[in-house]
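To start, the structure under review is shown below, and the notes come after it.
Bear in mind these aren't lab numbers, they're just calculated from the coordinates by the rules spelled out. What you see is a predicted model, and the numbers here were worked out from it, not measured in a lab. FYI the Cβ positions are ideal-geometry reconstructions off the backbone, even for glycines, and counts take in every protein chain you see.
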Amino acid sequence: MASNDNKPYLTPSEAAKILMVSPITVRAWAQKGLLASETTPGGHRRFLRENVEQFAKQSKTAPQHDALRVLIVDDDIQVAGFLIEWLTGLDQPFIVSTAADGFEAGSKVHTFEPDIILLDLMMPELDGFAVCRQIKADPDTSDIRVIAMTGHPNPENEQRILEAGAELCIAKPLDTKFLLGLLKADLL
């Protein structure tokens, strides 16, 4: 019996693990023709392992030139899911990944290498304030743009996150038109 490591075709979830992004991002890349895929008779996308591995090697250079890497850090699955679908559904070149808490964000900052982080303030254990301070204190990550998001906007939280190094703090529910303008600034 063959091991999963030798499987020639991968599901979107398996390809996403290799590429360290969400399955939605993998499907969006396939839909846009950035990542080669095939469709089964049942209508499911499959990715040839060698294509995914080649894409992973090139993604450090090729897609990054044209795409903005966005890390969404939010413990609210619905908010993160909305942002993934919204960003990957736009006609803009976004590569999106998520972290469900501050600890995962610390790891993803180094493996995913985002250009910008959409950071929730209120998360259990390691909150957005601590995450932002750590990102900005590390010379390897200090130039990453941080846009804070909160469902509890108030002047004190806004001041605290700006002092931690965030660019600005926006209220939830998010004004997607305003947010897109902020993200597009990196694409110009």
Under 5 Å from the placed amide H of LEU35, counting only residues 5+ away or on other chains, we find ALA30
Rg (one decimal) and Dmax (whole number) from the Cα set of the range 8-64, in Å, equal 10.4, 34
About the Cα centre, charge dipole magnitude for the range 67-188 (Lys/Arg +1, Asp/Glu -1 at Cβ), debye: 260 debye
Considering only C-alpha atoms, what is the centroid distance from the range 98-116 to the range 124-185, in Å? 14 Å
The chain: translational diffusion in µm²/s, Stokes-Einstein, Kirkwood Rh over Cα pairs, 37 °C, 0.692 mPa s: 189 µm²/s
Could you line up LEU168, LEU179, LEU68, LEU119 from fewest to most neighbouring Cβ atoms inside 10 Å? LEU168, LEU179, LEU68, LEU119
Please give the length that would be gained between ASP175 and LYS57 if that part of the chain were fully extended, namely 0.36 nm times their separation in residues minus their C-alpha to C-alpha distance (nm, one decimal). 39.0 nm
Whole-number percent relative contact order across the range 67-188, with pairs defined as alpha carbons under 8 Å at least 6 apart: 22 percent
